[in-house]
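> Input: one structure, supplied below.
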């Protein structure tokens, strides 16, 4: 089974971006999905993000949700400290990705790490022996 991506809500995102006076970027990081016999490996390109900027969870429907947010605080800009920006391109960034998980993974053994600007989410696969162990006969009374 393949990992599939749920579509982002384009119109609400576009509307929110247009109405928001602070600049928020909704860039989508590049993603690789690698499959082997033992697991699926999802890699996201997240340069400059730390583990505190990332949140990974499984939602109520059993989908993998990857959220990223990086806030660039502009609180000091309100003060009259004699500094004026002539150009500002640093923005706050937000991203949310939902992936429909295949049935052949251990949901309680999913792990993630971020290193050198790459977020790696490992989804361990259920082996054939483990699938056979899940088969259950129910006695009719």
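The values are calculated or read from the model by the stated rules, or taken from the named source; none is laboratory data. Keep in mind that this is a model prediction, so the values were computed, not measured. Positions of Cβ are generated from backbone atoms using ideal geometry, with glycine treated the same way; all protein chains shown enter the neighbour counts.
> Can you say whether residue 55 is outside any loop (DSSP other than H, G, I, E, B), more than 15 Å from residue 30 (Cα to Cα), in contact (Cβ under 8 Å) with a residue 12 or more places away in the chain and over 16 Å from the mean Cα position of the chain (by Cα), as far as the supplied structure shows?
Numbers: outside any loop (DSSP other than H, G, I, E, B): yes; more than 15 Å from residue 30 (Cα to Cα): yes; in contact (Cβ under 8 Å) with a residue 12 or more places away in the chain: yes; over 16 Å from the mean Cα position of the chain (by Cα): no.
Criteria not met by residue 55.
> Is it the case that some residue within the stretch 118-139 is in a loop (DSSP other than H, G, I, E, B) and under 21 Å from the mean Cα position of the chain (by Cα)? Even if it seems obvious, please write down each step before you answer.
Of the residues in the stretch 118-139, the ones in a loop (DSSP other than H, G, I, E, B) are 126-127, 135-139.
Restricting the remaining residues to those that are under 21 Å from the mean Cα position of the chain (by Cα) gives none.
Looking for residues that are in a loop (DSSP other than H, G, I, E, B) and under 21 Å from the mean Cα position of the chain (by Cα), one finds none in the stretch 118-139, hence no.
> Name the single residue that is farthest from the chain's Cα centre (by Cα) among those in the stretch 29-52 being surrounded by fewer than 18 Cβ atoms within 10 Å (Cβ to Cβ) and assigned to a loop (DSSP other than H, G, I, E, B).
37
> Go through the stretch 61-94 and give me each residue that's at pLDDT 90 or above and not in a strand (DSSP E or B).
The answer is 61, 63.
> Is it fair to say residue 102 is part of a loop (DSSP other than H, G, I, E, B) and in contact (Cβ under 8 Å) with a residue 40 or more places away in the chain?
Criteria met by residue 102.
> Is the stretch 98-110 home to any residue that is more than 13 Å from residue 62 (Cα to Cα), out of contact with any helix residue (DSSP H, G or I) (no Cβ under 8 Å at 6 or more places or on another chain) and surrounded by 15 or more Cβ atoms within 10 Å (Cβ to Cβ)?
The first filter runs over the stretch 98-110 and keeps only residues more than 13 Å from residue 62 (Cα to Cα), leaving 109.
From the residues that got through so far, the ones that are out of contact with any helix residue (DSSP H, G or I) (no Cβ under 8 Å at 6 or more places or on another chain) too are 109.
Filter once more, keeping what is surrounded by 15 or more Cβ atoms within 10 Å (Cβ to Cβ): none.
No: the stretch 98-110 contains no residue that is more than 13 Å from residue 62 (Cα to Cα), out of contact with any helix residue (DSSP H, G or I) (no Cβ under 8 Å at 6 or more places or on another chain) and surrounded by 15 or more Cβ atoms within 10 Å (Cβ to Cβ).
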